[in-house]
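Undergrad: Attaching a single structure in structure tokens format; questions to follow.
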Amino acid sequence: MSLSHDGSIMTHSRFKKSLWAFCAFAIGTGAINAVWNSQSVGAPRVDSRQIYRGMIKDEVKSFDPAIAFDPISLSLMPGIFEALYQYKYTSDEYVMEPLLASDLPTISNNRLKVMIPIKAGVKFHDDAAFAATKGKGRELKAQDFVYAFKRLADPKTESSGWWIFDKKIKGLNEFREKLSKASNKEEHAKIFASEIAGLKALDDRRLQIQLTQPYPQLLYILAMSFTAPMAHEVVAKYGDSKGQVHDHPVGTGPFYLKKWDHGFKITLARNPTYHPEFYPIKSGPDSGKPLPFLDEIQVQIMREQQPAWLGFLRGEIDYYQLPKDSFEKALKNRTELSPGLKQKGIKLRIETGVVSHYLLFNTKVAVLNNKYLRQAISSAIDRERWIDIFTSGRAKKATTALPPGIPDRVKNAKLKYDFDLVRAKELLKKAGYPEGKGLPQITLDMRGADTITRQLGDFFTKQLAAIGVNLNVTYNTLPMYLEKAREGGLQMAYGAWSMDYPDPQNMYQLLYGRYTPPGPNLAQYDHPEMNKLYEKMAVMEAGPERAAVIAKMDQLLQEETPWVLGYHHVDYQVLQPWLFNYHGTDIIMNKYKYLRVDNEIKAQYKE
């Protein structure tokens, strides 16, 4: 079943399971009415503009598509930057369709040559960087993709996305090596302008990629923000010493960055020159209408959950993930909310997604390059309590790396080093630290500094203290954490990975030795057997043979324990009655262009 035209019911069959219901939150009916009615004085006034009001939990790290790779930045990036392909928004499965491409790629019989046609008439946002067109956005060309892909390969850019093309495109690694040896700016510029055998703009409308090996995940890759086209004029005008453009993004998307009050609020506005795209549902009030519907997206940065939740109750936020502290009062049962807000038309969406939570060890740190210590720490963590306390029991325990619903996931997997304090103490002794004697303090970096994150840090501290392991917990803003991660400066850390595309390769590449920081292998795990298995698996099509390879990788992960597997997240999302067409998932991120705010309904609920 797909999303209905009014956004009321939607299920996601293969990889997602979502449920809509009309529901309500009851702190007490009087309190709810007080929150809502405090906003209404006199007759309601219907606003003609559609403005989405939302929140994010921390600052955006960057609006440069070569750099942005954290969930917060990526939640907004697709509104500004587009890729060649996108996921079909209303499909029950992950179906790819053209976006900036005019059609699906043509692939040669040996699966190595890829030809991609580029859509005509697409323009970059109007911007002063385009001096030749007097500030009017110029038309997109195939060369803009070549330029963007080169930026990923350039060591100077320090891209988080190099891993997507590493050893994949003919001549690109050699290009990267030459750039790394450039002795001055002039030499660097000359090398950057040189041709790459496997990456060519045959003309303005045709992009050709020559692969070094089959790349089954390529279509997914070409839907990622990393591969969004970049105008060289923008980098020349706004780029810093590394050629990074954080604060002045110029893409082809349905919105442009109107204002960024760092630490407080981000505002995106409708792009008046957006290329023709239409709402894909074939029936209902929005059928066939031009996108986007919204005039503005206003997103507040709210690091604490409770103020954000109260803002939602006041009608100041249109969408929110239900905080764990509100589950007991908000949920009548696990599929609907209590009657108070049900009367207000609030909608509940439950999504079993592809976000995994775990602890990771930097295996390059001497003390943590000891698998028995890692096994001991894994055995000291009570997952059931972790899940119960911090998700109110609404998460799925991770017994293997892949979330449920991903192809070739290990069936009936069992966690090898699950909670067992007796075994944990034995393993700690085997590691050379009986009862923790002689073991130096270990630093645990957290991905936030809010109340819940601090409670989580206290939880891990107490869990490991039970076997004699002493933690020093450091609380970071997300940008601070990501900077440490890019520099390889984490020792032990709280990891959370939202899969970029629904393929096992996307998860296991976090354990591939070539992808150490600034790549995504934050554990800096570099095991010859894992590397060999990964390289074999990465070029295989889905099926029993690949599943057998993944099973071996899982066995190695379980034994070596570079991660303490935690849980796979389940989201409880609440939406205001005036917000329609929401079908966002952990992977489908470009939701804003489809959203519609009904101001008449909003005015009725504000009476």
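Undergrad: Return yes or no: is residue 187 acidic (Asp, Glu), closer than 27 Å to residue 518 by Cβ and surrounded by fewer than 20 Cβ atoms within 10 Å (Cβ to Cβ)? Don't jump to the end; show me each part of the working.
TA: Details: acidic (Asp, Glu): yes; closer than 27 Å to residue 518 by Cβ: yes; surrounded by fewer than 20 Cβ atoms within 10 Å (Cβ to Cβ): yes.
Spelling it out, residue 187 is indeed acidic (Asp, Glu), closer than 27 Å to residue 518 by Cβ and surrounded by fewer than 20 Cβ atoms within 10 Å (Cβ to Cβ).
Undergrad: Scanning for something assigned to a helix (DSSP H, G or I) and not β-branched (Val, Ile, Thr), does the range 581-588 turn up at least one residue?
TA: no
Undergrad: Further question on the same structure: Which one of these is without any contact (Cβ under 8 Å) to a residue 24 or more places away in the chain and of a type in the set (A, V, I, L, M): 480, 446?
TA: Details: 446 fails: without any contact (Cβ under 8 Å) to a residue 24 or more places away in the chain.
So the residue among 480, 446 that is without any contact (Cβ under 8 Å) to a residue 24 or more places away in the chain and of a type in the set (A, V, I, L, M) is 480.
Undergrad: Being of a type in the set (D, E, K, R), over 25 Å from the mean Cα position of the chain (by Cα), more than 18 Å from residue 253 (Cβ to Cβ) and at pLDDT 95 or above narrows it down to one residue among 119, 113; which is it?
TA: Working: 119 fails: more than 18 Å from residue 253 (Cβ to Cβ).
Just one listed residue meets the conditions, 113.
Residues checked against (1) farther than 25 Å from residue 227 by Cα; (2) part of a helix (DSSP H, G or I); (3) not hydroxyl-bearing (Ser, Thr, Tyr):
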residue	(1), (2), (3)
457	yes, yes, yes
461	yes, yes, no
479	no, yes, yes
484	no, yes, yes
495	no, no, yes
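Undergrad: Taking the range 232-254, which residues are buried (at least 24 other Cβ atoms within 10 Å of the Cβ), out of contact with any Gly (no Cβ under 7 Å at 6 or more places or on another chain) and not polar (S, T, N, Q)?
TA: If the condition is that a residue be buried (at least 24 other Cβ atoms within 10 Å of the Cβ), out of contact with any Gly (no Cβ under 7 Å at 6 or more places or on another chain) and not polar (S, T, N, Q), then 249, 250, 251 are the ones that fit.
Undergrad: I need the full set of residues from the range 421-435 which are surrounded by 15 or more Cβ atoms within 10 Å (Cβ to Cβ) and of a type outside the set (Phe, Trp, Tyr), in order please. Talk me through it step by step, then tell me what you get.
TA: Just the residues of the range 421-435 that are surrounded by 15 or more Cβ atoms within 10 Å (Cβ to Cβ), to begin with: 423-431, 433.
Of everything in the range 421-435, those that are surrounded by 15 or more Cβ atoms within 10 Å (Cβ to Cβ) and of a type outside the set (Phe, Trp, Tyr) turn out to be 423, 424, 425, 426, 427, 428, 429, 430, 431.
Undergrad: Now a separate question. Residues 251, 263, 243: which one is of a type outside the set (A, V, I, L, M), under 30 Å from residue 592 (Cβ atoms), in contact with a strand residue (DSSP E or B) (Cβ under 8 Å, 6 or more places away or on another chain) and not assigned by TED's automatic domain parsing to the domain that holds residue 151? Steps first, please.
TA: Working: 251 fails: in contact with a strand residue (DSSP E or B) (Cβ under 8 Å, 6 or more places away or on another chain); 243 fails: in contact with a strand residue (DSSP E or B) (Cβ under 8 Å, 6 or more places away or on another chain).
When all the criteria are applied, what remains is 263.
Here is a yes/no grid of residues against (1) of a type in the set (D, E, K, R); (2) modelled with pLDDT of 95 or more:
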position	(1), (2)
140	no, yes
148	no, yes
154	yes, yes
167	yes, no
172	no, yes
181	yes, yes
203	yes, yes
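Undergrad: Say whether the condition of being in contact with a Lys or Arg (Cβ under 7 Å, 6 or more places away or on another chain) and among the polar types (S, T, N, Q) is met by at least one residue in the range 531-553. Before you say what the answer is, go through the steps one by one.
TA: Residues of the range 531-553 in contact with a Lys or Arg (Cβ under 7 Å, 6 or more places away or on another chain): 533, 537, 540, 549.
Narrowing the set further to residues that are among the polar types (S, T, N, Q) leaves none.
No, the range 531-553 contains no residue that is in contact with a Lys or Arg (Cβ under 7 Å, 6 or more places away or on another chain) and among the polar types (S, T, N, Q).
Undergrad: Grab the strands (runs of 3 or more DSSP E) fully contained in the range 173-286, keeping just those with 1 or more residues being free of Cβ contacts under 8 Å to residues at least 60 places away in the same chain and more than 30 Å from residue 109 (Cα to Cα).
TA: Details: elements: 199-203, 206-210, 255-261, 265-270.
Correct list: 255-261, 265-270.
Undergrad: From the list 603, 548, exactly one residue is free of Cβ contacts under 8 Å to residues at least 24 places away in the same chain and surrounded by fewer than 20 Cβ atoms within 10 Å (Cβ to Cβ). Which is it? Before you say what the answer is, go through the steps one by one.
TA: On the way: 603 fails: free of Cβ contacts under 8 Å to residues at least 24 places away in the same chain.
Residue meeting the stated conditions: 548.
Undergrad: Now a separate question. Scanning for something among the basic types (Lys, Arg) and over 30 Å from residue 550 (Cα atoms), does the range 316-327 turn up at least one residue?
TA: yes
Undergrad: Residues 181, 134, 123, 168: which one is farther than 25 Å from residue 70 by Cβ and in contact with a strand residue (DSSP E or B) (Cβ under 9 Å, 6 or more places away or on another chain)? It would help to see each step written out before you state the result.
TA: Values: 181 fails: in contact with a strand residue (DSSP E or B) (Cβ under 9 Å, 6 or more places away or on another chain); 134 fails: in contact with a strand residue (DSSP E or B) (Cβ under 9 Å, 6 or more places away or on another chain); 168 fails: farther than 25 Å from residue 70 by Cβ.
After ruling out the rest, the residue left standing is 123.
Undergrad: Hey, among the residues in the range 84-108 that are at pLDDT below 95 and assigned to a loop (DSSP other than H, G, I, E, B), which one's nearest to residue 258 (Cα to Cα)?
TA: 89
Undergrad: Among the residues of the range 82-110 satisfying the criterion of being among the aliphatic types (A, V, I, L, M) and touching a strand residue (DSSP E or B) at 6+ places or on another chain (Cβ under 8 Å), which is surrounded by the fewest Cβ atoms within 10 Å (Cβ to Cβ)?
TA: Residues of the range 82-110 that are among the aliphatic types (A, V, I, L, M), as a first pass: 83-84, 95-96, 99-101, 104, 107.
The next check asks that each one be touching a strand residue (DSSP E or B) at 6+ places or on another chain (Cβ under 8 Å); those that pass are 84, 95-96, 99-101, 104, 107.
Numbers: 84: 26, 95: 11, 96: 19, 99: 23, 100: 25, 101: 21, 104: 14, 107: 18.
Among residues in the range 82-110 that are among the aliphatic types (A, V, I, L, M) and touching a strand residue (DSSP E or B) at 6+ places or on another chain (Cβ under 8 Å), the one surrounded by the fewest Cβ atoms within 10 Å (Cβ to Cβ) is 95.
Undergrad: Here's something else I'd like to know. Residue 417: assigned by TED's automatic domain parsing to the domain that holds residue 539, touching a Phe, Trp or Tyr at 6+ places or on another chain (Cβ under 9 Å), buried (at least 19 other Cβ atoms within 10 Å of the Cβ) and not in a helix (DSSP H, G or I), yes or no? Give the steps one after another, and end with the answer.
TA: Details: assigned by TED's automatic domain parsing to the domain that holds residue 539: yes; touching a Phe, Trp or Tyr at 6+ places or on another chain (Cβ under 9 Å): no; buried (at least 19 other Cβ atoms within 10 Å of the Cβ): yes; not in a helix (DSSP H, G or I): yes.
Against the criterion (assigned by TED's automatic domain parsing to the domain that holds residue 539, touching a Phe, Trp or Tyr at 6+ places or on another chain (Cβ under 9 Å), buried (at least 19 other Cβ atoms within 10 Å of the Cβ) and not in a helix (DSSP H, G or I)), residue 417 does not qualify.
Undergrad: Taking residue 221, is it out of contact with any Ser or Thr (no Cβ under 8 Å at 6 or more places or on another chain), of a type in the set (Val, Ile, Thr) and modelled with pLDDT of 95 or more?
TA: Details: out of contact with any Ser or Thr (no Cβ under 8 Å at 6 or more places or on another chain): no; of a type in the set (Val, Ile, Thr): yes; modelled with pLDDT of 95 or more: yes.
Considered against the rule, which asks whether it is out of contact with any Ser or Thr (no Cβ under 8 Å at 6 or more places or on another chain), of a type in the set (Val, Ile, Thr) and modelled with pLDDT of 95 or more, residue 221 comes out as no.
The values are calculated or read from the model by the stated rules, or taken from the named source; none is laboratory data. Owing to the predicted nature of the structure, the values given are computational and were not obtained by experimental measurement. Counting neighbours? That spans all protein chains shown, and the Cβs are built from the backbone with ideal geometry, glycine included.
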